[in-house]
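Visitor: Here it is, the structure in full.
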Amino acid sequence: MVLLLVLGQYAVRPLLPDRPQVGFLLVAVLFVAVRVRPGVAALVGFLFGVTADATAATPFGATALLWLLEAFVAASMRALLFSEQVLLPGLVAFGASWLGDLVAALGRPEGTAALAPGDLLLWAPLTALATGLLAVAVHLVARDAGRTRPY
């Protein structure tokens, strides 16, 4: 599943419209984070964040630090995120994506003054919504794939 999400980031995402952008790598980080211990999740979040920083226009290290923290928190809240609630992984991905957009906006040299009001109020939530919907779809596929079906 993680390999498919990484492939989606670099093969499918460039084919999609510029806005809203789906965070395939963020969903991959959260997918791994709820399945491993918090320390390993933080390391995975950091490594994926460095990869995302290397290919993005954000300040280097901002995404790595943010995803490190988000993965650690997601791994710590494993019981809550791994429950039968279908929308909860989507809400976590929504919040993580929106927080990432806010950190990216604040990390720019110009700060938030250079941003149009629509960037944080329209496009950031739409990007977060697209990422959240992807997280719900991944959660449903992974949950159904893990079930054994009697024949």
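Visitor: Sort V73, V36 so the one with the fewest other Cβ atoms within 10 Å of its own Cβ comes first.
Guide: Ordered from fewest to most neighbouring Cβ atoms within 10 Å, V73, V36 come out as V36, V73.
Visitor: Kirkwood Rh over Cα pairs of the range 2-146 into Stokes-Einstein at 10 °C, 1.306 mPa s: D in µm²/s?
Guide: 104
Visitor: Just to check I understand the Karplus step: with θ = phi - 60° and J = 6.51 cos²θ - 1.76 cosθ + 1.60, what whole-Hz values come out for the range 97-104, glycine and proline as x?
Guide: 5, 5, 4, x, 5, 5, 5, 5
Laboratory data are not the source of any read-out in this text; all were calculated from the coordinates shown. Computed from a prediction, not measured in an experiment: that's the story for all the values here. Please note: Cβ atoms are built from the backbone with ideal geometry, for glycine as well, and neighbour counts cover all protein chains shown.
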